[in-house]
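The values are calculated or read from the model by the stated rules, or taken from the named source; none is laboratory data. Because the structure is a prediction, the values reported are computed rather than measured. As a convention, Cβ positions derive from the backbone with ideal geometry for all residues, glycine included, and neighbour counts pool all protein chains shown. Accessible surface is based on the protein model in full, side chains and every heavy atom, while ligands, DNA and RNA are left aside. Shrake-Rupley method; radii C 1.70, N 1.55, O 1.52, S 1.80 Å.
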Amino acid sequence: MTLPRLSNTAARRIFLDRHALLDPPQGSASGTDLLALIERLGFVQLDSINTLARAHDLILFARRPRYRPDDLKVLYERDSKLFEHWTHDAAVIPLSFYPHWHMRRTRDAAKLRGQWRNWRRDGFEEQFQTVLDHIRDHGPCGTSDVGKNEKRGSGGWWDWNPSKTALEYLWRSGALHVVGREKFQKRYDLTERVVEPHLWAPNTALSDAQTIDWCCNGALDRLGFATSGEIAAFWAHATSAEAKAWCTEELAKGRIEEIEVTGADGTQKRCFARPGLLDDKAADCPAPRRLRVLSPFDPALRDRKRASFLFGFEYRIEVFVPAAKRIFGYYVFPLLQGQQLVGRVDMKAFRAEDTLRIRALWPEPGIAWGKGRQQALEAELDRIIRLAGVSKIEFEDGWLRPSIDYKPG
């Protein structure tokens, strides 16, 4: 059977559209407009690394350059329109999605209890009531407010004491709710005190089947086209088997169809899509030519295999790679221009020196780094220094490097 075939150009445009990167980078970035953007993306990953800006801030800035970190803080902490939990990693998520995390919280409660007895520290379960009573009596707290006399091991930052482990477990399983962060440290409160009961009460809980259906529909809508594995991985709630079963059922009902998607190298991959995707108006809409700096954790790049297939862009973050073995650098930013990933740049804001320092830039193979592209980069850097909190830009000697035909090991 001949399947409908989506060209690589159309696939890139549809994918970028679903990730709010086909739109011109402009518009309001606060209040209901910011919330609408996050709802469109589904969630925004949180990360503490701040060489230029934190990942969540750069993700939002790349789409709305008027965005500033306080815009997210207000929406999250003052207006309580977002909540924090896990997808594939820690993320902020629209509060209206909270009921769909009931399945995740229930599954985490069963899974983590056993895992953390062995991995974190024995005795954390005995601290549950003590931690809950402390928060009930004293209000929101952080990890430094509990377990002050408890010892932690020598395993590093992740080797938590029993009370910190209890805090994290009670949050992941639903009794506690993160109400914000101070210096990037979470502050926990009782869920029953800060979240409206209709969002969390056991008698209003959605079934697993309802959540799986919501997750799979939402993932496909935000990806445009996907395999069942990609659908499962989007929220990281439904299992691969559950997503595969959902696809089979939806296909039989005619609510989705199979198509072939053309990769950057001309190969074809079978994916699921909504009927009529080939006629999606985004397929005929060229992407803006403005160059944008993306976070390594940008939702458009989170799935490295998908980025490789669609864009021919191979990326591995090298934060945990020993310096001598790094190909590019500690924290290197992909560069998007139009519907191409045109390069990657190693740069860091030295705030004590009021300077953004460009250490190295590697154009992608086949990309010419001429005067026009350099001007586009400098224009974007002029915008991004406001987010980075500096006012000067410095290019180090030898910053423009030869392209590397990189293939992760």
Value in Å of the Kirkwood radius, where the chain supplies the Cα pairs that are averaged: 23.0 Å
Probe 1.4 Å - accessible area at SER96, Å² to nearest ten: 70 Å²
Assigned charges on the beta-carbon of Lys, Arg, Asp, Glu; segment 29-105 dipole about Cα centre (debye): 100 debye
Nearest-20 debye value, the chain charge dipole, Cβ charges on Lys, Arg, Asp, Glu: 700 debye
Normalised contact order of the chain, rounded percent, pairs of Cα under 8 Å and 6 or more residues apart: 17 percent
Exposure of ARG386 as accessible area (Å², to 10), given a probe of 1.4 Å and all protein chains: 150 Å²
Candidate residues ILE327, ILE393: accessible-area rank, largest first, probe 1.4 Å: ILE327, ILE393
Residues with amide H under 5 Å from that of GLY312, placed H, sequence gap 5 or more: ALA264
Area accessible to solvent at CYS215, 1.4 Å probe radius, in Å²: 0 Å²
Debye intensity ratio in log₁₀ form over the Cα atoms of segment 302-409, taken at each q of 0.19, 0.24 Å⁻¹: -1.08, -1.49
Cross-link table LYS81/LYS305; LYS348/LYS407; LYS148/LYS186; LYS183/LYS407, entries beyond 27 Å C-alpha to C-alpha: LYS81/LYS305; LYS183/LYS407
Packing-based order for 86-95, 106-115, using average beta carbon neighbours within 10 Å, highest first: 86-95, 106-115
